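The values are calculated or read from the model by the stated rules, or taken from the named source; none is laboratory data. Please read all numbers here as calculations on a predicted model, not as lab measurements. Glycine also receives a Cβ, built like all others from the backbone with ideal geometry; neighbour counts cover every protein chain displayed. Remember, those area values only see protein heavy atoms, side chains included, never the ligands or the DNA or RNA. Shrake-Rupley method; radii C 1.70, N 1.55, O 1.52, S 1.80 Å.
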Amino acid sequence: MNRETEAIGFGVFLKQKRLALKKSLRTFCEEHGEDPSNWSKMERGVLKPPKSLARQRGIALKLGIQSPEELQRLFDLADAEQGRIPQDILSNKELVRHLPFVFRTIRGEVPTEDNLDKLADLIKEEVTPKDEHAK
Amino acid sequence: MSMLNEEIPEFRKYSDDEIEARATDILTRHWNGQLPVDVDYIIESQFDIQLFPIPDMKRLTGFEAAIDPMRDQIYYDPRSQDVNSLRLNFSIAHEFGHFLLHKDVFEWLRTRRDNEYPEWVKTTREFSALFESDRIEREANSFAGRLLVPYKHLSEKLSEFKSRNPQYAQAEKMIKEEGRPMADALRNYVARDIHQAFRVSVQCVEYRLRTSGLIPNS
């Protein structure tokens, strides 16, 4: 897995998928009854991804996303930008959050307890706000 | 400081042939050959330009589309899509034409002011009032027409029209006798029939039929 390609946001992912369908923003939105302004904002990250799973599924359908991996990726990216921890991850390890590639690693590789602890430490260092360290 | 007292450089001018070559080059490299030409897709997928839909821009500013040369962004009013999508296609292609043809103008503008949008508007207004804005607009229009209505495809559509309309040959003869009024009428008649294939207005196809020489004035 290429970490660089994984490090994209929800909006960039949406745009990549739309362009892969060879659809311009206007054409895509016209065909799917979407508001081009809002869709553009979502692609640019100005608008947060929808919280509703039904809406996320609807977006995936419109973008022709069918494989379970791609669908999961869309959900993860949406959750990451919502600042939420996906339900299955939350039940697994509370400290792990934010990064879709982390979600994927955990789901796919079932890391050891030791690995998880190291990962948690790393994330604490990298993404947890400094003032939380002081607590 | 106003530009009025500054020396204005000589900007690049384009002949019709050069604009045709530029449009053809874009189509050859970035278009799949299927009508209509999806200019938005070409811009989004092949160029480092962002297209921003701004609802109500037309009502609020009078502009249906506009280019911000400071940021390589093209704005458009998505509501124009409902009102007149054919015109919006042309407007976006027109702004794309500015991006491709008038880099030197934009680069010069960049050096004059900081990148604040109101300053850019002010600068551009001064610029439009004083320096060749008509030429620049004409060049962008010419590019848009050539991009959205490629010569080869226009020629094919005209041939199809002729085969469906046996009276066409007679109309051509009348142009020789009556000149431009008859040519205008024929161009309008043909354009009304074929313009939807290109997703542009009747006027745009009329213009292309005339400038391409496919239906000349005499």
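Beta bridges per DSSP, both residues in chain B: antiparallel share near 50 percent. Charged side chains reduced to their Cβ positions (Lys and Arg at +1, Asp and Glu at -1) give chain B a dipole of some 800 debye around its Cα centre. When B:139, B:10 are compared by accessible surface with a 1.4 Å probe, the order from highest to lowest is B:10, B:139. Amide hydrogen proximity for residue B:102: with H placed 1.01 Å from N in the peptide plane, no residue at 5 or more positions away or on another chain lies under 5 Å.
Buried accessible surface for the B/A chain pair comes to about 1300 Å², total over both chains, computed with a 1.4 Å probe. Label-to-label distance, residue B:61 versus residue B:46, with points set 7 angstrom from Cα along the beta-carbon direction: 2.6 nm. Computed with a 1.4 Å probe over protein heavy atoms only, the accessible surface of chain B comes to 51 Å² per residue. Listed by number, the DSSP H helices of chain B that run 24 Å or longer by alpha-carbon position along their axis and have mean Kyte hydropathy of at least 0.0 are B:80-101. Averaged over the residues of peptide A:24-32, the number of Cβ atoms from other protein chains lying within 10 Å of each residue's Cβ is 5.
Pairs exceeding 23 Å between alpha-carbon atoms, taken from A:22/B:58; A:41/B:58; A:17/A:51; A:15/B:58: A:22/B:58; A:15/B:58. The fraction of accessible area contributed by carbon and sulfur in the stretch B:129-197 is 50 percent, rounded to a whole number (1.4 Å probe; ligands and nucleic acids excluded).
Summarising the amide proton neighbourhood of residue B:52: residues at separation of 5 or more, or on other chains, whose placed amide H is nearer than 5 Å comprise B:74, B:75, B:76.
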